[in-house]
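Since the structure comes first, as structure tokens, the remarks are kept for the end.
The values are calculated or read from the model by the stated rules, or taken from the named source; none is laboratory data. These numbers come from a predicted model, not from an experiment. So basically every Cβ, Gly included, is an ideal-geometry build from the backbone, and we count neighbours across all protein chains shown. Accessible surface is based on the protein model in full, side chains and every heavy atom, while ligands, DNA and RNA are left aside. Shrake-Rupley method; radii C 1.70, N 1.55, O 1.52, S 1.80 Å.
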Amino acid sequence: MINDQRPDPDALLAAVQTEEAQQQHGKLKIFLGMSAGVGKTYAMLESAHQRLAEGIDVVIGYIETHKRADTDALVAGLPLIARQKIDYKESTLEEMDVDAILRRRPRLVLVDELAHTNAPGSRHPKRYQDVLELLASGIDVYTTVNVQHFESRSDTVEKITGITIHEKVPDSILDIASDIELIDLPPEELLQRLAEGKVYAPDRAELAAKNFFRTGNLTALREMALRLAAERVDQQMQDYMQVQHIQGPWRSTERLMVAVSPSPLSERLIRWTRRTAYNLKAPWMAVYIEPTIPLSQTAHAQLARNLSLVHKLGGEVVSTAANDVVTALIRVAKQHNITQIVVGKPSRTFVEELRAGGSLVNRLIRQSDDIDIYVVRGDVSEGGERPLVVRPALHSGRNQYLLALFVVAAAVAFCLAILPFIDHQLVALLLLFVVVVLANFVGRGPILVAAAASALLWDFLFIPPRLTFFISTLQDALTFFLYFIVALITGNLTARLRSQEKLTRGREERTAALYTMAHKIGESTTLDEVLETAVKQLGQVFAAPIAILLKDADGDLPPAPHALSTFAMNDREMGAARWSFNNSQPAGHFTETLPTADAQYWPMTTPGGVAGVIGLELHEQLSFEQEGLLQTFTNHIALAVEREQLDESAQQAAIVAESERLYATLLDSISHELRTPLAVISGATGILFDPVTKPSPAAQQELGENIQEATKRLTRLVNNLLDMTRLQSGRFKPHVEWCDVTDLIDVSVKQVEKDLAAHDLVIDIAPQLPLVRMDFVLMEQVLVNLLDNAAVHTPPGVRVRVTAALEHDELMLSVADRGPGLPPGDLQRVFEKFYRAPGTASGGTGLGLSICKGLVEAQGGTITAENRLTRGGARLVIRLPITPAPTIPKEAEQ
């Protein structure tokens, strides 16, 4: 038998997981306040000094004192981790250095302003994510935050104060906090501190007093902070009771629970419970006991309206499956530390109460122990009053009744056939066996009919005197009575176990579906993979076409669903989807909002807002359990979408930061490269056209050569920039033709012979090299860049060798030198844009080798860098594939 007093396994698992997570990770303590200026940072620093006096290794990760003298005095005695400096646009921003803290690994770190948004280019977009990483590394954290920054409170604060809250933290931070210290201050004292300049500078203080820091605003924020802290303490107490298997209630505060059913009377009970909870300033919830038999469509629609009302009035809904309503209500109440249960006044007749196993209210009162029971009279409807818990009719169907009668008739016929060999007592056992087996296939109604029919037929056909209903002996009379009772009870218990098995199987299917969804989404690495998994899993579980719309860059829904969707949407469907997105509520088919739509739309709500909408083209209304499963699916998909979007945002931020760095590097390099040849050209032309100087013909020749060399340098710089632009645009196509390698080397060397005049140039070309398919002009540019690179980065007199040979059906073309070589870790980086090896002379843009790599790879070749092992130096090697050269017809030779 199932123990209905057992603790809720899901709640117990969640509590145990929370406790284990806190033990394995660092501990988080939050100093919570209603607004700036209440003394959160000061209190945190005081606590840190106490821990330091206890011998705990404490450091400051980030503290913002706002130049308050008393706070600065407390900072002075604590070790400080230097902040990380991040260049952003034309300014330098300071953020907490997470890497430095992880290297230092203190026992406790102080992190002020938990809701702060980090500068672009930081490890995480938000500071609370930095804190989560520190906690995951086993470091304890003290932090401060105001109540308005919590996601669930930000909307209310905006309505009260009229100020938009941009920096938010998810409420899940509270779940991992091991301790919350409320820093409370009456509004009058806070306003006094503001006037004395202890919160803001005088100019800002006057403006703040007229806007945010008004007495009404501060009073409302103070109440919200007190309630938030109280809710957290209450949740900690419930978790403790779950882990310790403590049966409630503990009357630390009043908690109300209303029993909800598919009855119109439940609406009045829900409103009554909400009013009472409001007057008591107590939390409340609604519980629905799932029946073992599916509800009718009318009952399901009424249940959906009742539960929707609970959500609208701010209540929590809990659903559980059980055969005994009273036992289930008591179990749920004790699990959630409920002190008061609200039920409806019974309106059933004595016969109905007897058939249901007794009065629900009376049984609830007897079993409630320390829980108070409120019996509320419901409204009168046209059809009269209805009971609170509507037991669905036994809709087994006519076929099940016919099956039961047929099986009993067949069993009786079989017993008649073998009656000469057995007595009527054994017949009773055979028929009882048939009834018990039959209970595995039909409902309780057919079992009742089968038990009655088999008992009467046994009496009429088998008990002496036969063919009469008269029983002659007391033993047969008792046997007949016991047979009927045992058949009825056994069949009913079997049917009940089968119903319980069906409920358990349903839970297992929902759990398996959730596991599959979580597993598949966890394996997804891109946003498209997440959405593809979501569409596939939702389509399989709910047997419906799926449409997904994600929020665009403007914060609105796009005009059409995502390309992976399986449901096409028209203007009416888009209207329902937009309403769901804007109001964060379900809309569309089978809802009270825009019910004429073909699909039902659910918002994908995340701590950062609504990420989009999921639509399902349903052909029948979902049950309460299916809606809960769909809500869980939607939340899980929303978190996965937000995760991928945050990753993309982080990547974009990194790309922007890298682009700005490359832009600054390029600007610096180009300005230097332009300035030098322009200075040569300007100086030479100034001398040539100066009537006072009148240079000699020899001097004019030298100045002309200088101008020519500077012009060549400028041309090379412009060509490099143009080539890099063409390579990155993807529109670069080489003009490949058959070329002679010897000609390529001769032309390239001739262009740089002046730059290599001070070097020992050696050319080593293997004999009888075949023609190679390449772009002659581009390969000339590559070879010139490599030779120029060797001339620039090697001292005068150093040998430079150009080699051309065949290696494994490839042309190997290399430029080697006897210079200082390359750092071992930079052999791959030398081909990166704007990269310059450490210790190299100034000049150059750092684009030459990167362009060479792009030009060679565009022709199907490769280029690598390596250090020479024997006598030192570096070597850059180009390899191009060799294809058979075209044959010349004999007629052409003649």
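For the range 538-557, how many residues are surrounded by 14 or more Cβ atoms within 10 Å (Cβ to Cβ) and part of a loop (DSSP other than H, G, I, E, B)? Show your work before the answer.
Pass one, the range 538-557, residues surrounded by 14 or more Cβ atoms within 10 Å (Cβ to Cβ): 538-539, 541-542, 544-551, 557.
After this cut, where a residue has to be part of a loop (DSSP other than H, G, I, E, B) as well, the list is 544-545, 551, 557.
Here the count works out to 4.
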- Which numbered condition residue 164 fails, given (1) open to solvent by less than 60 Å² (accessible area, probe 1.4 Å); (2) polar (S, T, N, Q); (3) under 26 Å from the mean Cα position of the chain (by Cα); (4) within 30 Å of residue 218 (Cα to Cα): (1)
- Message: All but one of (1) in contact with a Ser or Thr (Cβ under 7 Å, 6 or more places away or on another chain); (2) closer than 20 Å to residue 41 by Cβ; (3) β-branched (Val, Ile, Thr); (4) open to solvent by less than 20 Å² (accessible area, probe 1.4 Å) hold for residue 86; state the number of the condition that does not hold.
- Response: (2)
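Yes or no, residue by residue, for (1) β-branched (Val, Ile, Thr); (2) assigned to a loop (DSSP other than H, G, I, E, B); (3) at pLDDT 80 or above; (4) in contact with a helix residue (DSSP H, G or I) (Cβ under 7 Å, 6 or more places away or on another chain):
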site: 326; (1), (2), (3), (4): yes, no, yes, yes
site: 354; (1), (2), (3), (4): no, no, no, no
site: 363; (1), (2), (3), (4): no, no, yes, yes
site: 404; (1), (2), (3), (4): no, no, yes, yes
site: 409; (1), (2), (3), (4): no, no, yes, no
- Item | Neighbours by Cβ (under 8 Å, 6+ apart or cross-chain): first from the range 625-652, modelled with pLDDT under 75 and aromatic (Phe, Trp, Tyr); second in a helix (DSSP H, G or I) and crowded, with 20+ Cβ neighbours inside 10 Å | none
- Total residues in the range 455-469, condition open to solvent by 10 Å² or more (accessible area, probe 1.4 Å) and either in a helix (DSSP H, G or I) or among the β-branched types (Val, Ile, Thr) (or both): 5
- Task: Would you point out which residue out of 145, 111, 131 is within 22 Å of residue 216 (Cα to Cα) and surrounded by 15 or more Cβ atoms within 10 Å (Cβ to Cβ)?
- Result: 145
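Residue 159 - would you say it is open to solvent by 60 Å² or more (accessible area, probe 1.4 Å) and touching a residue at least 60 places away in the same chain (Cβ under 8 Å)? I'd like the intermediate steps shown before the answer.
Working: open to solvent by 60 Å² or more (accessible area, probe 1.4 Å): yes; touching a residue at least 60 places away in the same chain (Cβ under 8 Å): no.
Here the answer is no, as residue 159 does not meet what is asked.
For the range 268-312, enumerate the residues that are among the charged types (D, E, K, R) and more than 36 Å from the chain's Cα centre (by Cα). So that I can check it myself, show each step before the final result.
Looking only at the range 268-312, we keep the residues that are among the charged types (D, E, K, R), and these are 268, 271, 274-275, 281, 290, 305, 312.
Within the range 268-312, 268, 275 qualify.
On the given criteria, is residue 91 loosely packed, with under 14 Cβ neighbours inside 10 Å, small (Gly, Ala, Ser) and farther than 20 Å from residue 25 by Cβ? Outline the logic, then answer.
Working: loosely packed, with under 14 Cβ neighbours inside 10 Å: yes; small (Gly, Ala, Ser): yes; farther than 20 Å from residue 25 by Cβ: yes.
Answer is yes for this residue.
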- Query: What tally of residues in the range 410-454 results from selecting those that are surrounded by fewer than 22 Cβ atoms within 10 Å (Cβ to Cβ), over 57 Å from the mean Cα position of the chain (by Cα) and free of Cβ contacts under 8 Å to residues at least 40 places away in the same chain?
  - Reply: 13
- Query: Going by the structure shown, is residue 62 over 30 Å from the mean Cα position of the chain (by Cα) and among the aromatic types (Phe, Trp, Tyr)?
  - Reply: no
- Test set (1) assigned to a strand (DSSP E or B); (2) of a type in the set (A, V, I, L, M, F, W, C); (3) within 25 Å of residue 318 (Cα to Cα) - residue 633 fails condition number: (1)
- Give the range 569-609 a look and list any residue that's within 17 Å of residue 550 (Cα to Cα), aliphatic (A, V, I, L, M) and open to solvent by less than 20 Å² (accessible area, probe 1.4 Å), or say none. 574, 576, 577, 587, 599, 604
